[in-house]
1. Based on the Cβ-Cβ distance from Asn136 to Lys94, what FRET efficiency comes out when R0 is 25 Å, to the nearest 0.05?
2. Does anyone have the angle between helix 13-64 and the longest principal axis of the chain? Alpha-carbon axes, 0 to 90°, nearest 10?
3. For Ser123, Ser85, Ser54, Ser59, write out the residues from largest to smallest accessible area, computed with a 1.4 angstrom probe and no ligands counted.
4. Would you calculate a helix-derived [θ] at 222 nm for the chain, using -39,500 (n - 2.57) for each DSSP H run of n ≥ 4 and dividing by the full residue count, to the nearest 500?
5. Pick the calculated volume of the Cα convex hull per residue in Å³ for this structure from [x] 97; [y] 176; [z] 110?
6. About its Cα centre, how strong a charge dipole does the chain have in debye, to the nearest 20, once Lys and Arg get +1 and Asp and Glu get -1 at the Cβ?
7. Measuring from label point to label point, each 7 Å out along Cα→Cβ, what is the Leu62 to Lys44 span in nm?
8. To the nearest 0.05, what FRET efficiency results for Gln75 and Asp127 with a Förster distance of 25 Å applied to their C-beta separation?
Amino acid sequence: MKKYKVYWAGFTLIELLVVLVILGLLAGLVGPQVIGWISKSNTKVAKLQIEELSTALDSFRLDMGRYPATNEGLQALVAGPGGASRWNGPYLRKNLIPKDPWGNDYQYRAPGQHSGGAFDLYSLGADNAEGGDGENQDVISWQ
């Protein structure tokens with residue numbers, strides 16, 4: 001009868017614990033950075049959408065001779081206001097008003113109350129309340 005040597009081809013508990021500690025340290029260092037990038041990207045998306053909506057509002061003004069009134073809102077960009085014979089829309093590609101990156105409606109006011117602008121267009125940020133810091137900060141059109 002032959003005798004075979006048995007070799008354990010596994011990992012020790014210490015080796016597994018070391019790997020888990022290293023993975024935990026990496027997740028702890030990289031995780032907050034990724035979350036920071038995501039919140040910054042939401043703000044950038046909101047700024048880009050505000051620029052797109054501002055361009056659509058300018059096109060509306062060229063056709064109608066005025067910006068939509070506050071009570072008409074951004075909806076006037078996709079559906080002509082009542083009795084508007086010169087309306088040449090829709091002024092947005094997808095024929096719908098986008099939500100901000102946090103799923104809230106953009107705020108619109110005409111005439112504008114900031115920087116002497118014809119309109120104010122803004123997002124209230126992640127908390128959907130005025131003011132705030134970081135991701136809760138308002139994204140505005142008048143700066």
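The values are calculated or read from the model by the stated rules, or taken from the named source; none is laboratory data. What you are looking at is a predicted structure, and each value in this text was computed from that prediction instead of being measured. Note that each Cβ is placed from the backbone with ideal geometry, even for glycine, and that neighbours are counted across all protein chains shown. The protein model used for the area step is the full one, side chains on, heavy atoms only, and it has no ligands, DNA or RNA in it. Shrake-Rupley method; radii C 1.70, N 1.55, O 1.52, S 1.80 Å.
1. With R0 = 25 Å, the Cβ-Cβ based efficiency is 0.35.
2. In the chain, helix 13-64 runs at an angle near 10 degrees to the longest axis.
3. Solvent-accessible surface, decreasing: Ser85, Ser59, Ser54, Ser123.
4. -13500 deg cm²/dmol, from helical runs alone.
5. Comparing each candidate, only [y] matches the computed number.
6. 960 debye
7. Spacing of the two 7 Å Cα→Cβ label points: 2.8 nm.
8. It comes to 0.55.
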